[in-house]
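*Asks:* Quick one: the structure is below, questions incoming.
What follows draws every value from the coordinates through simple rules; no lab data is involved. Small disclaimer: the values here were computed from a predicted structure and weren't measured. Here the Cβ is made from the backbone with ideal geometry for all residues, glycine too, and neighbour counts use every protein chain on show.
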Amino acid sequence: MSTLYWLHDDLRLQDNPALAAAAQDDALTMLFCIDEARFNTDRFGNRQMGAHRWRLLRESLLDLQHSLSELGQTLNLVTGNPSEIISDLLQTGRFNRVVRTRQHTSAETMLWQHLTESYPCVSFEQYDGSTLYHQDAITFGDTFPATFTQFRKSLDTVAFRPTAAAPTRLPAPTSFELKTRLVQAPTESGLLAGGETAGGQHLEGYFSTDAASTYKDTRNNFIGERFSTGFSPWLAQGCLSPVQIYERLCAYESHHGANESTRWILFELMWREFFRWHASHYGEALFSFTGIAGKRPLTTFYQERFLKWRDGRTPWPIVNACMNELKQTGLLSNRGRQIAASCLVNELALDWRCGAGYFEEQLIDYDACSNWGNWQYIAGVGSDPRGGRHFNLEKQAETWDADGTYRQRWAGQPDTGPLDSRDYYDWPIE
Ligand SMILES: Cc1cc2nc3c(=O)[nH]c(=O)nc-3n(C[C@H](O)[C@H](O)[C@H](O)COP(=O)(O)OP(=O)(O)OC[C@H]3O[C@@H](n4cnc5c(N)ncnc54)[C@H](O)[C@@H]3O)c2cc1C
């Protein structure tokens, strides 16, 4: 009998509580499911997995495959429907235990629940590895804090979860090999590299400079060297954990001193934390039109407008620059995301879910909890006490791109033609 370790957003050896627990058994099979459905298009024409993130994910998997082989283990990659893959494996009777890192979104939670009920003789164990806190510390029950501030304050005195040491040895892989090995493709120069190795190098690189001491002053910029930490792509795939970042931040503060900027990095990591537990609490409402607030926005889906936004052909150069950067690189600053999202919801009056879905396709740091939570916040159907955000696009451009460098870099030209070829009143009603 042996353990099946089902990997998700935890592609690392360091500080991985699920791996540390899985390593206690005599035999271990490590599995990552590549869900084919993620490559299909939805009703808005978006895919869940676009080319940028797929490249990064392959690199992260390859890096883990390599690290595991040095410990005598194998990373099995299976393509298909995860529910069917896990069910087929459990039906072989080879596994008496399934281990994973706790997931926070509704589909992953429901699938786990379903498997737990379907295989009562198997022990299902989840470990908190993608958050700062252990679930036991999150004791809000049915009354999740209404705002981020309340969430943060209520956890002020609660300790973060302890880190898990990286295993120095792992149990042997089970005697059968499941499938597929990825073939190493060289990372194109200039592109951000995926994997725990690259993530660790980035973490060290960032804290070897004094960028953290000015983070609060620069974090709203669009462009520039280390204007923000850049941790998100590795956090999203679990090549870095938030606790690892926190510990490195503390080490930096003990050498360079703490200030408002260094503290603000933790503040932002708390936003990520908030959206994780918020997703756990609200379940499917995170993805619904009326959001967690249960408010129906006065927006619809009109394809012509959506395509103009997506392809950077709106009347607003700053929005077009953001959309061009996103499409070409899979990256976009926080300020750029807020502006692009606000434009879709407020200027273009489009259903916020088509924008959130497009970000999901394009972003290399896509994280369901943060993406859909932030979109709801801006669309006014989330946890924003102000009931949504409407950014003044001209003012944003003047403040944050005063000399136009960013708009020039990403070819943000205004589209001067009419926004719609059909009169607004003739739009199809969804
Ligand atoms: C519409 C919209 C969609 C977004 N989608 C995602 C997403 O899919 N994945 C994602 O990781 N972030 C998302 N964010 C949050 C934020 O834009 C990114 O985390 C940030 O730009 C990543 O760059 P960084 O690592 O340099 O961030 P930094 O500014 O250096 O922040 C450090 C870390 O704090 C966390 N963080 C910072 N801001 C936020 C925030 N507003 N919400 C949650 N966590 C935050 C991230 O983990 C980030 O890596 C979204 C924001 C908006 C407005």
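*Asks:* Determine the shape class of region 296-384: with a ≥ b ≥ c the square roots of the Cα gyration tensor eigenvalues, call it rounded for a/c under 1.5, and otherwise prolate if a/b is greater than b/c, oblate otherwise. Don't skip to the answer; put the middle values down first.
*Replies:* Numbers: a/c = 1.61, a/b = 1.07, b/c = 1.50.
Oblate, because a/c is 1.5 or more while a/b does not exceed b/c.
*Asks:* From the Cα gyration tensor of region 199-284, with a ≥ b ≥ c the square roots of its eigenvalues, which class applies: rounded if a/c is under 1.5, or else prolate if a/b is larger than b/c, or else oblate? Numbers along the way, then the final one.
*Replies:* Details: a/c = 1.67, a/b = 1.60, b/c = 1.04.
It comes out prolate by the Cα gyration axes.
*Asks:* Related question: What is the fewest-to-most order of 343, 239, 121, 250 by other Cβ atoms lying within 10 Å of their Cβ? Write down the numbers at each step before the final one.
*Replies:* Working: 343 26, 239 30, 121 7, 250 12.
Neighbour counts put them in this order, fewest first: 121, 250, 343, 239.
*Asks:* Shifting gears a bit: Which FRET efficiency, nearest 0.05, do residue 37 and residue 409 yield, Cβ-Cβ r, R0 22 Å?
*Replies:* My answer for the efficiency is 0.05.
*Asks:* Please give the Cα centre distance for region 284-304 versus region 228-255, rounded to the nearest Å.
*Replies:* 33
*Asks:* Something else: Dividing the alpha-carbon radius of gyration of the chain by 2.2 N^0.38 Å (N being the number of residues), what value is obtained? Intermediate results must be reported in sequence, preceding the final value.
*Replies:* Details: Rg = 22.1 Å, N = 430, 2.2 N^0.38 = 22.0 Å.
For the chain, the normalised Cα radius of gyration is 1.00.
*Asks:* Continuing with the same structure: Can you tell me how region 2-130 classifies by the Cα gyration tensor, rounded, prolate or oblate, using a/c under 1.5 as the rounded cut?
*Replies:* Oblate shape, in that a/c is at least 1.5 and b/c is the bigger or equal ratio.
*Asks:* Could you work out the relative contact order of region 199-284? I mean the mean sequence separation of Cα pairs under 8 Å and 6+ apart, divided by the number of residues, in percent. Let's see the in-between values first.
*Replies:* Values: 55 pairs, mean separation 30.7, N = 86.
Once normalised by length, the contact order is 36 percent.
*Asks:* Another question about this same structure. Using 0.36 nm times the number of residues separating residue 260 and residue 311, minus their current alpha carbon distance, what extension gain do you get? Could you put the intermediate results ahead of the total?
*Replies:* Working: separation 51, 0.36 × 51 = 18.36 nm, distance 3.78 nm.
Here the answer is 14.6 nm.
*Asks:* So, counting K/R as plus one and D/E as minus one, what does the shell of residues with Cβ under 15 Å around residue 310 add up to? Mind showing how you got there, number by number?
*Replies:* Numbers: positive: 43, 47, 305, 308, 313, 327, 337, 353; negative: 42, 304, 311, 325, 347, 351, 360, 361, 415.
Net charge around residue 310: -1.
*Asks:* Show that you can apply the helix-only estimate: for the chain, add -39,500 (n - 2.57) for every DSSP H stretch of four or more residues, divide by all residues, and state [θ] at 222 nm to the nearest 500. List each step's numbers first, then the result.
*Replies:* Details: 17 runs with 181 residues, N = 430.
About -12500 deg cm²/dmol.
*Asks:* In whole Hz and in residue order, list the ³J(HN,Hα) couplings for region 325-334 that follow from phi through the Karplus curve 6.51 cos²θ - 1.76 cosθ + 1.60, θ = phi - 60°; x for Gly and Pro.
*Replies:* 4, 4, 5, 7, 10, x, 10, 6, 5, 4
*Asks:* Here is a follow-up. Provide 202, 255 in ascending order of the number of other Cβ atoms located within 10 Å of each residue's Cβ, fewest first.
*Replies:* Working: 202 19, 255 7.
Ranked by crowding around the Cβ, least crowded first: 255, 202.
*Asks:* List the lysines whose Cα sits under 30 Å from the Cα of residue 395, skipping any in the same chain fewer than 8 residues away.
*Replies:* 216, 295, 308, 327
*Asks:* Nearest 0.05, what FRET efficiency do residue 118 and residue 156 give at R0 = 51 Å with Cβ-Cβ as r?
*Replies:* On the way: r = 41 Å, r/R0 = 0.80.
For R0 = 51 Å, the calculated efficiency reads 0.80.
*Asks:* Please report the relative contact order for the chain, taking Cα pairs under 8 Å with a sequence separation of at least 6, and give it as a percent rounded to a whole number. Intermediate results must be reported in sequence, preceding the final value.
*Replies:* Details: 700 pairs, mean separation 85.8, N = 430.
Relative CO of the chain lands at 20 percent.
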